[in-house]
Amino acid sequence: MEFARVVKNDESVVMFAKMQVDGHGTGLEKSDWLKIIEGRAADIYGDTITPQRAFAKTITEDETGRLLYKALRAAPGPEVKPAPPEKLHAEDDQFHGKPAHALLHSLAVDHAKAHSMSYSRAYAHLYGKPEHVALRDQIRREHLAQTMARANG
């Protein structure tokens, strides 16, 4: 929700902030309050100082800014919303008969080149990403199947 765009007047923002501080659910998360404070800082200070300095001055020197900061601290959720997970490929879920390890290997080679890093670092980075859980599971299943095939014969 783009709450900062919807609520422009101080009275509404103050009302919601007081509700948040008092423990009443407003449906707003830390990231929403952060945007509201940043918007207020920009409105108050404009381009006269850096955005970081304007934020600091707003939450320390402005009465409404202090209240908004209390609301931010009382709100649930992260201050920065995580980026939506990116898909590996359109055929992510099926792996189209290709071994999952080969797919991750190919992605790691491309990632290493694109980000000037070693292959092993790129592989570890991609393997550990939360959005690659299906790929990790498939790699583990393939590895287990290979291990069992060797053990049985």
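For this structure, a couple of remarks:
- 3J(HN,Hα) couplings calculated from phi for region 18-33 with the Karplus curve 6.51 cos²θ - 1.76 cosθ + 1.60 (θ = phi - 60°) are, in sequence order, 4, 4, 5, 5, 6, x, 8, x, 10, x, 9, 9, 3, 4, 5, 5 Hz; Gly and Pro show x.
- Packing-based ranking, highest mean first, of 139-150, 102-113 given that Cβ atoms within 10 Å are counted: 102-113, 139-150
- Gained length - His24 relative to Arg136, 0.36 nm times residue gap less alpha-carbon distance: 36.3 nm
- Remark: region 127-137, residue by residue, has Karplus-estimated 3J(HN,Hα) of 4, x, 5, x, 6, 9, 4, 5, 5, 4, 4 Hz, where x stands for each Gly or Pro and the curve is 6.51 cos²θ - 1.76 cosθ + 1.60 at θ = phi - 60°.
- Once the gyration tensor of the Cα atoms in region 95-152 is diagonalised, the equivalent ellipsoid follows with semi-axes of 24, 12, 10 Å, ordered largest first.
- Above-threshold pairs, the threshold being 24 Å between Cα atoms, out of Lys81/Lys129; Lys35/Lys70; Lys70/Lys129; Lys35/Lys57: Lys70/Lys129
- Globularity ratio of region 3-74, using Cα Rg and 2.2 N^0.38 Å: 1.02
Bear in mind these aren't lab numbers, they're just calculated from the coordinates by the rules spelled out. Since the model is a prediction, treat every value here as computed from it, not as a measurement. Virtual Cβ from ideal backbone geometry, glycine too; neighbours counted across all protein chains shown.
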